[in-house]
Every structure is written in C-alpha cells, then in structure tokens.
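Visitor: Submitted below is the structure of interest, expressed as structure tokens.
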Amino acid sequence: MNRPSSFWVKTNHVIFLSGLVAFLYGCGTSSNDKLPILGQREAVTKVVNGKSVTDTVYQSIPDFKFISQYGDTVTAHTLDHKIYVADFFFTSCPTICPKMKVQLKRVYEKFKGNPDVMLLSHTIDPDHDSVAVLNEFAQNLGVTGRQWLFVTGDRDKIYDLGQTSYMVTAQADSTAPGGVIHSGAFILVDKDKHIRGIYDGTTEAGVDKLMTDMTRLLAESKP
C-alpha cells in the first residue's frame, strides 16, 4: 500500500510527521487496485425511495480563485476532469524550492501533452511573486502552455487552502530563510478533488513514486 510522506519544512530540514501519516491513513480508504482517499471523511445519511442510505463523504479541495502566470483567473473548475499535482513554493526561496521545481519538471516532461493531467504551483509570497515574476519563472523553467500553472493571489487564502485543504504547511515565519515556511510536499488530487497521495517533492525517489501513482490514478479514472 502506498504510504504518503507528509511533512513540514523549515530551512533545509524535512520533519516527517508520523502522527499525521497515521491520521491520513486512519481517515482514508484503499483497495488492492486503487489509491487511498486521504483526509477527513463523514458519514451522511439520507432517504432514497423511502429507505435510509448512508454514504461516505470525503474531504475535497474547495473552490478557490487565483491568478495564473498569464494574468487570467484560475479556479477549482479549471481543474475539472483532471488529475493534478499541487505544491507550494516561492520564486526567491533559498532552500528547498529549487529541488522541488527540478523534480516537478520531471513530472511535467513525463505527462506533457496529456489532457487529463495538470500541475498547480501556488506561491506563498504573493507580494513579490507578481504575474510578471511568475511568468518569467515559468519561462526560465522551460514551461509553456497551460498544463502547468503558477498562481498568485490573496496570501491568507493561499495559506488557508494549503493548511486546511491540502494538509500541508504554508505560513509566514520571520525566523525562516525567505521569511516563510512551507511544505516540500507534492499533493496528488483526483478528478473528484480528493487527495490521493502526498509525496516528498525534494527527492527523486518520492517523485518516482508520485509518477507511478499518477499512472495508476489515470487508469483508475478511465470509464
């Protein structure tokens, strides 16, 4: 069974939170063929044709509204009918971000042109990372088109989305290099906006596992 790495990063040190991993798996579901669904879940009972039916409702990524490196609006609906990988970074990051972007570029190259796959990178330093800065950053990485979007927006909304929905850290910290701390995680999200895996985005092994699971998820989502 795939076991996600869930962690927070401050400077260059990755702290693995075993308790969080246990929580994620306690709240997830899996089978031999499918990746688990991570996060909180709730049993909801409703009446259908006069009978009580209980369904499990899983945590999902809510709607959001940010601006891409092209200056247009990106919402959760932009990712409809896609699986996608989300991460949090900032362009002037002096620690783990360069490693993360090298690794995410591998994912971009592997799935480039696949209409069912997108990548979504959220800046956690929107005061500096304007549309123009993000556009230049993407160009320097060799990213073209709209398969990999770099988004900026309201700082508090970005932080809240990271911590409450994607289950990773993104927050200001004056003692950290660059003035913020953030997770080195890559988060795999399915077409129903459920989190299906969390991976160490700073290592080749972690991203190899991510790409393997993306292929599994694409096969799972086929009719």
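Visitor: Taking Thr175 as meeting all but one of (1) buried (at least 20 other Cβ atoms within 10 Å of the Cβ); (2) modelled with pLDDT under 95; (3) assigned to a loop (DSSP other than H, G, I, E, B), write down the number of the exception.
Guide: Single failed check for Thr175: (1).
Visitor: Could you check Gln147 against (1) crowded, with 17+ Cβ neighbours inside 10 Å; (2) more than 17 Å from the chain's Cα centre (by Cα) and say which number it fails?
Guide: (2)
Visitor: Also, I was wondering about something else. Within region 109-125, track down each residue that is within 21 Å of Leu79 (Cα to Cα) and surrounded by 19 or more Cβ atoms within 10 Å (Cβ to Cβ). Let's see the steps before the verdict.
Guide: Step one: of region 109-125, the residues within 21 Å of Leu79 (Cα to Cα) are 109-124.
Phe111, Val117, Met118, Leu119, Leu120, Ser121, His122, Thr123, Ile124, listed by residue number.
Visitor: Any residue in region 199-223 that is polar (S, T, N, Q) and crowded, with 18+ Cβ neighbours inside 10 Å sitting within a Cβ distance under 8 Å of a residue that is in a helix (DSSP H, G or I) and at pLDDT 95 or above? List the pairs, counting only those 6 or more apart or interchain.
Guide: Partner pairs satisfying both residue conditions: Thr202/Gln103.
Visitor: So, one more: Quick check on region 126-136. Is at least one of its residues β-branched (Val, Ile, Thr), modelled with pLDDT under 95 and buried (at least 16 other Cβ atoms within 10 Å of the Cβ)? Spell out the reasoning first.
Guide: First, the residues of region 126-136 that are β-branched (Val, Ile, Thr): 131, 133.
Then drop every residue that is not modelled with pLDDT under 95, which leaves none.
No, that holds for no residue.
Visitor: Moving to a separate point now. I'm checking my understanding of the structure. Among residues of region 81-113 that are touching a Pro at 6+ places or on another chain (Cβ under 9 Å) and modelled with pLDDT under 90, which one is nearest to Thr203 (Cα to Cα)?
Guide: Looking at the filtered set, the residue picked out is Thr95.
The values are calculated or read from the model by the stated rules, or taken from the named source; none is laboratory data. Keep in mind the model is a prediction, meaning the values are calculated, not measured. Neighbour counts run over all protein chains shown; Cβ positions are idealised from the backbone, glycine included.
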